[in-house]
Each structure stands twice: as C-alpha cells, then as structure tokens.
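One structure is given below, encoded as structure tokens.
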Amino acid sequence: MADQRNGSGQPSNGKASAAANSYSIDLDKFTTRLKSLYSHWNDNKDDMWGTSDVLAIATPPPSDDLRYLKSSALNIWLLGYEFPETIMVFMKKQIHFLCSQKKVSLLEVVKKSAKDAVGVDVVMHVKAKNNDGSGLMDAIFRAIHAQSKVDGLDTPLVGYIARETPEGKLLELWAEKLKNANFQLSDITGGLSDLFAVKDKDEIMCVKKAAYLSAHVVKKVVVPKLENVIDEEKKVSHSSLMDETEKAILEPTRAGVKLKAENIDICYPPIFQSGGEFDLRPSAASNDEMLYYDSASVIICAIGSRYNSYCSNIARTFLIDANHLQSKAYEVLLKAQEAAISALKPGNKVSAAYQAAISVVEADAPELVANLTKSAGTGIGLEFRESGLTINAKNDRVVKVGMIFNVSIGFQNLQTQTKNPKNQNFSLLLADTVVVTEERTELVTLASSKAIKDVAYSFNEEEEEEEKPKAKTAKTETNGTEALLSKTTLRSDVNEISKEELRRQHQAELARQKNEETARRLAGGGPGAGDKNAAVKASTELTAYKNVNDLPPPRDLMIQIDQKNEAVLLPIYGSMVPFHVATIRTVSSQQDTNRTCYIRIIFNVPGTPFNTQDANSLKFPGAIYLKEVSFRSKDPRHISEVVQHIKTLRRHVMARESERAERATLVTQEKLQLAGNRFKPIRLTDLWIRPVFGGRGRKIPGTLEAHVNGFRFSTTRQDERVDIMFANVKHAFFQPAENEMITLLHFHLHNHIMVGNKKTKDVQFYVEVMDVVQTLGGGKRSAYDPDEIEEEQRERDRKNKINTDFQSFVTRVNDLWGQPQFSGLDLEFDQPLRELGFHGVPFKSSAYIIPSSTCLVELIETPFLVVTLSEIEIVNLERVGLGQKNFDMTIVFKDFKRDVLRIDSIPSTSLDGIKEWLDTTDIKYYESRLNLNWRQILKTITDDPQSFIDEGGWEFLNLEATDSESENSEDSDKGYEPSDVEPESDTEEEDSDSASLVESEEDEEEDSEPDSEEEKGKTWEELEREASNADREFGDESDSEEERKRRKAKAFGKSRAGPSSSVPKRAKLR
C-alpha cells in the first residue's frame, strides 16, 4: 500500500523515481498546460498569485501517508508524473529545475516545448548524491536577482505554497535559504487552486473512470457483502470491511470494472460506521467495532478511488428496519442533495448550492436544520478537497463548465427515542461526484442507487419470535406422546417410533414454513406468479442482393445456384428472379413415364403450419407470397444437380443461422485474464471434455488451467478452446472414480456458453481411469495368474494417481477461490455423497443419482442432471404403496413456470433413505399413490394463487391429513386401509381429463380391474389396440410424446397383470 499511496513505484500516480526510459512526458499536454499556467498567472497576478514575480514550487520526498499537496498536483498536472525532491522555479524568461540526474534526463525533452510555448529557457541544475544542493540554490537565486534587475525591481516577490511544511534535507535547506535571501514572499495557494478548478476533457475522463469504479465497488462489492452479513447474521468488524473494500478498489475486476490495476489507487481508506458512533468528516476512520445491524440501525459507507491520480467520492447510508424519524430524515437529505446538485450550474455562485439544500430542509423538516453539515462538499480533482471550491454559504466563486464537485451532505447527531445506546444516536451521509457541463450537471456515480427503496432494508423478526412458543408447544406435545407409551412396548420400537415421530413433526413444521413462504412469494408477484419471458428467436433479415445490378449476368433461362450470395435464381416469365435459399422450405424432384423430370420448390410462407412469423410479413403486411413453383426439364442429370446443390446450400445456411441465433442468446462474459507473471496457472493435463467439440478428425485430449478470473481448456488445435469464468460457475463438482470408469470435474453454469457449436450450461472434464483391454485368445485366465494380478495392480495405481492429481487441482483451486476477491461468488468444489445415492430414471435411461451438499446430481450419463436444492419448492413421492417395487419422485421448483422434474422407477428399498435425506436438508416432501398431472396443478396455482393459499397451500398433497378427515376414528397402530370413495357429484365425472389433477393412469386401472378369464386370455394385438384406444381417449394432449409412451406402457403392463397388481385408488384431487 505504501508504494501505491505515495506513488513511488507507480507512474500512473505521477512518480518519476524509476529509470528515465520507463516514462515519457506528453509534450502536447505539457505545452497546452504551460500556456495555461503563464496565462492565468499573468491575468490574475494581483488577485490570486499574490503579485508574485517568481513562482517557487518545492516537492517533498515520497511518504507512506495518504496526502494531497499542491506541489505534487502541479507536477502531475503539468508533467504527468510527480517528481519527489524536486524544486521548480518559474520566471518570466526562465524555468529552473533542481533535481537528481535521472529526473533531469527525463525533463530534458521539455526544453524545446517550453521555448516554443511561452518563450522561456529551461535551466537544469543537477544535484549529485553527496551534494546538499546549496550551491545550486545560490545559482537559482542569482538568476532571480538578475531577472529582477532587468525588470527594474529592487526586491523580487517570490510566491510559494505557504501551507506546505518542508520535508527532507533538500527542502528544509531550500526553505531556510529562501527566507534568509533578500526576497519578499507571498502565498500562491489561491492561484494554484483556481488553475486546477476547471478541468479539460482528459482530466474529466479520468474522474469519470474513477467515479465509475467507486460506484461499482459499492454496487457489486459493498452492498452484496452487507446483505450477506446481515442475512446470515455474521459478525464482521468495520476494519475488516474496510480492508476487503480497499482490495476491491485496487483490483477493479472484483467489481466487474475493466480498468488497469496499475492506474488505480484509493483516495482514503474506505469508511464503515455503525452502532451510534459516526463521524462525517473525510478524515474519519473505520474502527474495530463489529458492524451493528439490529432494528433501527444505520450503516454509513464512504469510498473514494483515484484513476491516474484524479479523485472521486461516493457515500451511501443504509437503513435497517428504519423508524419514522430515520426514513423522513433520509428522504429530506436525499431531496436536499439533489437540490444542491441541480444548483451547480454555470454562472451560479457556489454558495447557491448550499442555500438550495438549506431551503429544502427548512421547508420539509425545519427541526433538522441544526443537524445539517456546515458544507455540502468541495471541488475534487487531483486533490480530494480543492479548498477554493468548498460548497458553503460564504463561497462567492462562480461555477464554470469543467468544474467537478464532490457533493457531500449529511445530518449528524440525530437522536431517537430508545434506550439502546447503539441506535440512540445516528447520522446520515450522502456523497456523489458531479461534473458541470454546459447543458446539465452530470452525476458520474449514478451506478450506485441511493433511492430509499434500494438502501432501506426491512427484516420481519416477529415471525421468528412467534415460532419459538409454537416449537415449545410442539415439544411439549411430543413429550406427552412419549409419556403415554405402553410399558410393554419394546425399547427398539420406542426408538423407531420416536425417530419417525420426530421426522413427522419436522415435516409438519416445514409444511407450515413452506406454505407461508409460497404465499409471500405468490402475493409479491415472485417467480411463482410472474410470467417467465420465453426466449424468442429473432430471425435476421436475409438479403441475397442489395440491388438489381448485383445480379449475375443471365446465361440461359435455367435454374441457377449462386453459392456466393446464397441465392437461387428461377426463370419466371423470361426473367431471372432471385430467392434467398433460406426462403426455401423443401425441394424435390420426380420423373414420369415419359422420362420428363419435374422439380418442385416449396417456400416458407407466413401463416402456414410449422412456419414462424417472418419479420418481412410484419414490415409488408399487404405482401403476396409465392408458395410453390414447379419446373419441367428433359435433362434429369441437371435436375438432380440443382436439387442437390439447393439442399446442400440450404443446409449450410440453416446451420450457420442456427448457430448465430444460439450465440445471440448468450450472455456476454467478461474476458479471461491470463495468469501471466502474477502466478503460475494451476494446470491439469490429458483431459477429455463433454460436450465434445464438433468437426471431423480424431478427438484429442486437452489441458485445463485456472487463471486470474476463470478456467481455460485448450487442445493443440487452435479452434478448440473453452473459457469458463469464475463468476459464471454456479456449482462445481469433483467426483473421483469409485465404481465408475472416470474421474471428473463438472461445472454447472449460470449462463450458457458455446463449446464448439453447442450451447450448454454443463461442462465436464474427465479422465478414464481404466484402459480398455482385449484379451487375445478365448481361454479364461486364472484369478491367481501373475499377469492378471499385476494388471489389476497397475489399474489400481493408475486410478489412485488420477484421483490424487484431481484432488490436488481441486484443493489448489479451492484455495484460490478462498481469496477475498472471490468471497462474493461463494465457490467451492462439491463432492457427491455416494452413500446417499439411489437408482432412478431422470431422462431415458437408468442412472445412479447422488445428492451433494447443495445439489442432486447425476454426472456420468448424458444428459447430465444438476438440481440446485435451494431452487426446490417441494418433492412429491408418487406411486408409494404396499406391494410396489418402484416409486417416482417429482421435484417441483419455486419457479412455477418451470416444468417439474420426474425421476422414475426408483427402487422402494431407497424410500426411507430418500425421506431421511430430504428431511435432513429441510425439503418438504409429500407422498401420493398416483402420478399427478403437475402441469395442470401448477397452472391452477398460478391462475388463482389466492385460492391456493386460502385452501391450505400444499396440504392438499398430505395423505395423512386427507385420510384423517375421511375416517371418523382410526387407531394409531393400524396401517393404511384402502376404501372406495364415491364421486361427489355428476359434475366431477363430466370434468374433462385435462382438468383432472391426476394422470389418466387411474382410469386405465379402472378398466384393467375386472377379473375375468377373457381378460387374461386376450392376444397381444388386442391388448395393444386397447392400450392405443385408451391413450386416445384419456391421454392429455399437452403431454409430451415420452409421457404418452410411458403411460401406454404402464397401462399395457397392468392389463396383463390383472387385478392382483392394481393399487388402491383414491378420489380425484381437485
């Protein structure tokens, strides 16, 4: 930090202490600004420069402290760098520099520019290492006296910066000799302040970049961090927040800002304040107290960053469960700041901005006027506080175009009626950086919102307090139940019942919480209630020829294929009419008995089935479209070639446009920053990737590398490369080979990326741990064969080595992700827990599905399955009943517009383990004996969420509650007894199948129930015909083809099995 703060090693911060060839002075900028300096000095010599004849500027040596000096500012403004331990003396005809040899070699280039710009000679005084510079100073003084005699002055008037205390031997000696010399001295601070007040376009751009960084650090780093701390009730100190924010400023990529880190610095250590202790001055510091975020608390955050030494500032106040006084005070403060910003217009006095702020406070909250800060900010630029542009009631300076202000205003020492000392006293602060332009005052820290809806947080703690007595009551009831157990009950039964009872109670509590959460989300128009914007594929407007002159010269009146312009030219009424190949839907040819060939071309016409609405049909609503055209030819060979060429060209264009459309929907990712010289990239070699790259040729393995902000996988082919940004990784998995043939790393992403020409959210890198071995000769080998034993040992060693290499890579990447800049991403490799796994069919084939700490995954078979547990609303276990070998799991997501996930054919032996896992992970599950029509259920919920909430939410799935209502009394030790339920009314029978919440299997089972020998004796053809009829009669048209096939197969199997396989039926759920 020391180097960055004083800039001794940073050219961007204006230091020239390195070798001269490392830096170069911008001579054009030097010329322009030297002219401005002399012009301002001559025009305002008496008013602002103290009638000085000579300007003497002495820059002190570097320091570890953050400080703002006008001498350093002049160095950077004029020369582009700060020159420590350098003395500059400006006279009418000469400029003298006293510095070391290295600095002189860099400054030599300005001699000609200075002569051309203002007609002065530049004189260099080289100070040797062991020389104190006294003789060189005397030479400068002699030059001043000589110039004074030429001007007819007896005692020259030398201007210097009176407020800067000399530091170091050189400057102390200079100050002493200057005072003892025969000179009159005057302060030139005012002149320098006014010189720096109006910025040129380069300076304004530097301030805008600095402000952009400051605002994004607040938006992307500070706000998410505070929300995470408060939401998870973490204990974190103000100083630790300060350190983390400072690192985010110095590494702009953490905030998603693409600025070079070497050009960045802080204006001051970030300030975090809470807990009743507030200091609104920029010199305030973050203490080591813990962040306080209880009800009615206030958190103040102030951040300042510099770009190329130009400053910016932003401050925000965050309200936690604000009371009326805090909300009102903040609204008034926000209005007052906006009034002050609006008053900073060219031609107005600076004091008008402060008066505008006071007027707002006096009108809206006169009792708060005494608590308003005495100023509303200052000018800002190379100095954090430009003293001549303080926004207070006394400053009569005129606002000019190009001035930049830090508008900082607040209320301090406000009191609330509470006994808690932590929130009894509070302050509010708002600060923004603004640029004065001709049209308006531009707010350059706009990226960070200060609207009260974005800074006020409300946490409802009353619900948590209400849950405590309920939990206590439930515990009492549990104890009561245990107390009533019979003494003859076995100890093992007591333990088993107790465990099941605890799970039942926990599920009941989860049901209550889930219904409340769903009700809040539906009432608030959350993901469950809002419409999910469907991705619309925008068709690009394809043009074959821009004008008639681009058409190829006609040859014969024959069909021509223009490969270059992707057009087909058809002879129509003696003219060649072009059609873009994308407008052709199909092309075919046929030959009749007379050996006459016909070619038939059908075009895409808007409004016909399977044709999307074309953009041209909207642009030209009255257009007439050609639907079909046929041509006759006596040359079958020519017809065949034309058809083949059209099909080939159309296939090529469609593939290209499809890939372009896929890429158009991708979210723009940040650019990968290679490790370079920062650190050696973490590397894992000889990996295969899924999905594989397209194209022909032998597939080759590649290397996965972890760089600064992402991974890169590449092979020896130039076009086979994939970049995965850390910020785009949603879940990362490491699955070593145990019962599988591969060890893998799997990344599930937030947004799609392209792997070759495939769009995917899942990218996997793997190694096969066992080689495919084919034994020559058909004989069996003995288990004690030495070659066999040695081969098995080699395979074990290979598997262990691969697992170890992967584990080492994962550990190192986890350490990289543990650095503070990645804390907001919450990344860590997750390892699936095999002991909790179960078999099931999530897609088309059976797979081994394994839970992890955050997901439910299947990473071996494709397509991959990755379900985030936090996105699950409920889980419904279907076809659960006595005698069933398998059951299904339906996962309902919090986004009700998202299709449910069905995992079929899970062995019933896994039921208890799945229930225990779901209960442990706080996921509410229900059981049903039938497969439900979830599309209709979710549509009903989203169409009328209030009815869903009023009728008990998800409790309609609770079999135990339904059974207890349907039976007057039932002993607790009896199992489930199926009973027939009569239809409630005729209207229920008349309801359409699509409106039923139960799939049509129930009706199919009713058809399969009669126990007759004729049923058993039906042929396969008859059974298949009946199944098809049943599908047509009862099938839901909205279901997919896979669903219909699956139901057909189930109905077919149940018809053959007869009544013994039928499950107990329940009334239809409505």
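The values are calculated or read from the model by the stated rules, or taken from the named source; none is laboratory data. Please read these numbers as outputs of a predicted model, since none were measured by experiment. Note that each Cβ is placed from the backbone with ideal geometry, even for glycine, and that neighbours are counted across all protein chains shown. What goes into the accessible areas is simple: the full protein's heavy atoms, side chains included, and nothing from ligands, DNA or RNA. Shrake-Rupley method; radii C 1.70, N 1.55, O 1.52, S 1.80 Å.
The C-beta contact set for the stretch 317-333 (first residue under 14 Å from residue 300 (Cβ atoms), second residue among the hydroxyl-bearing types (Ser, Thr, Tyr) and open to solvent by 10 Å² or more (accessible area, probe 1.4 Å), distance under 6 angstrom, 6+ apart or interchain) comprises 320/293; 320/457.
Has the stretch 161-182 got any residue that is small (Gly, Ala, Ser) and in contact with a Pro (Cβ under 7 Å, 6 or more places away or on another chain)? Within the stretch 161-182 (the criterion being small (Gly, Ala, Ser) and in contact with a Pro (Cβ under 7 Å, 6 or more places away or on another chain)), the answer is yes, since at least one residue qualifies. Of the residues making up the stretch 164-184, just one is open to solvent by 60 Å² or more (accessible area, probe 1.4 Å) and in contact with a Phe, Trp or Tyr (Cβ under 9 Å, 6 or more places away or on another chain), namely 182. Listed conditions (1) open to solvent by 20 Å² or more (accessible area, probe 1.4 Å); (2) in contact (Cβ under 8 Å) with a residue 12 or more places away in the chain; (3) out of contact with any helix residue (DSSP H, G or I) (no Cβ under 7 Å at 6 or more places or on another chain); (4) small (Gly, Ala, Ser) are all met by residue 840, apart from (1).
Restricting 886, 876 to those that are modelled with pLDDT of 90 or more and open to solvent by 40 Å² or more (accessible area, probe 1.4 Å) reduces the list to 886. Only residues that are part of a loop (DSSP other than H, G, I, E, B), modelled with pLDDT of 90 or more and under 23 Å from residue 504 (Cα atoms) were counted across the stretch 895-927, and they come to 2.
Of the residues making up the stretch 897-913, those that are within 19 Å of residue 857 (Cβ to Cβ) and open to solvent by 50 Å² or more (accessible area, probe 1.4 Å) are 898, 899, 905.
Scanning the stretch 634-657 for residues that are surrounded by 13 or more Cβ atoms within 10 Å (Cβ to Cβ) and out of contact with any helix residue (DSSP H, G or I) (no Cβ under 9 Å at 6 or more places or on another chain) returns 636, 638, 639, 640, 641, 642, 643, 644, 645, 647, 648, 656. Check whether at least one residue in the stretch 914-930 is buried (at least 17 other Cβ atoms within 10 Å of the Cβ), in contact with a helix residue (DSSP H, G or I) (Cβ under 6 Å, 6 or more places away or on another chain) and of a type in the set (Asp, Glu), and report yes or no. Looking for residues that are buried (at least 17 other Cβ atoms within 10 Å of the Cβ), in contact with a helix residue (DSSP H, G or I) (Cβ under 6 Å, 6 or more places away or on another chain) and of a type in the set (Asp, Glu), one finds at least one in the stretch 914-930, hence yes. Only residues that are open to solvent by 40 Å² or more (accessible area, probe 1.4 Å) and either modelled with pLDDT under 85 or of a type outside the set (Phe, Trp, Tyr) (or both): list them for the stretch 948-957, please. 949, 950, 951, 955, listed by residue number.
Got a sec? Which of 388, 381, 304 is crowded, with 23+ Cβ neighbours inside 10 Å, within 30 Å of residue 191 (Cα to Cα), touching a Lys or Arg at 6+ places or on another chain (Cβ under 7 Å) and touching a residue at least 60 places away in the same chain (Cβ under 8 Å)? Just a single option satisfies the conditions, and that option is 381.
For the stretch 447-462, the set of residues classified as of a type in the set (D, E, K, R) and either surrounded by fewer than 10 Cβ atoms within 10 Å (Cβ to Cβ) or modelled with pLDDT of 85 or more (or both) consists of 450, 453, 454, 462, listed by residue number.
Within the stretch 814-852, being in a loop (DSSP other than H, G, I, E, B) and among the small types (Gly, Ala, Ser) holds for 818, 837, 845, 846, 852. In the stretch 188-203, how many residues are touching a residue at least 24 places away in the same chain (Cβ under 8 Å) and in a helix (DSSP H, G or I)? Result for the stretch 188-203: 11.
Residues that are of a type outside the set (Gly, Ala, Ser) and either touching a helix residue (DSSP H, G or I) at 6+ places or on another chain (Cβ under 6 Å) or in contact (Cβ under 8 Å) with a residue 24 or more places away in the chain (or both) within the stretch 169-187 comprise 169, 170, 171, 173, 174, 177, 178, 182, 183, 184, 185, 187, listed in sequence order.
From 296, 322, grab the single residue that is under 19 Å from residue 412 (Cα atoms) and surrounded by fewer than 22 Cβ atoms within 10 Å (Cβ to Cβ).
Every option except 296 fails the conditions.
From 436, 407, 444, 401, grab the single residue that is out of contact with any Cys (no Cβ under 6 Å at 6 or more places or on another chain), over 25 Å from residue 222 (Cβ atoms), open to solvent by less than 30 Å² (accessible area, probe 1.4 Å) and in contact (Cβ under 8 Å) with a residue 12 or more places away in the chain. Within the list 436, 407, 444, 401, the selection yields 436. Look at the stretch 619-647: where a residue is closer than 16 Å to residue 587 by Cβ and touching a residue at least 60 places away in the same chain (Cβ under 8 Å) and a partner is open to solvent by less than 90 Å² (accessible area, probe 1.4 Å) and assigned to a helix (DSSP H, G or I), sitting 6+ places away or on another chain with Cβ atoms under 7 Å, you get 646/581. Look at (1) in contact with an Asp or Glu (Cβ under 7 Å, 6 or more places away or on another chain); (2) over 13 Å from residue 735 (Cβ atoms) and you find that residue 864 fails only one, number (2).
If you go through the stretch 651-676 and pick out every residue that is modelled with pLDDT of 85 or more and touching a strand residue (DSSP E or B) at 6+ places or on another chain (Cβ under 6 Å), you end up with 1. When residues in the stretch 89-106 are screened for being within 17 Å of residue 146 (Cβ to Cβ) and among the β-branched types (Val, Ile, Thr), 2 of them pass. Here 289, 246, 232, 277 are screened, and the one residue that is open to solvent by 40 Å² or more (accessible area, probe 1.4 Å) and within 26 Å of the chain's Cα centre (by Cα) is 232. Looking for something at pLDDT 90 or above, surrounded by 14 or more Cβ atoms within 10 Å (Cβ to Cβ) and among the polar types (S, T, N, Q) - is there at least one such residue anywhere in the stretch 817-826? No, because not a single residue in the stretch 817-826 is at pLDDT 90 or above, surrounded by 14 or more Cβ atoms within 10 Å (Cβ to Cβ) and among the polar types (S, T, N, Q).
Annotation: of all residues in the stretch 420-444 being more than 34 Å from the chain's Cα centre (by Cα) and assigned to a loop (DSSP other than H, G, I, E, B), the one that is modelled with the highest pLDDT is 438.
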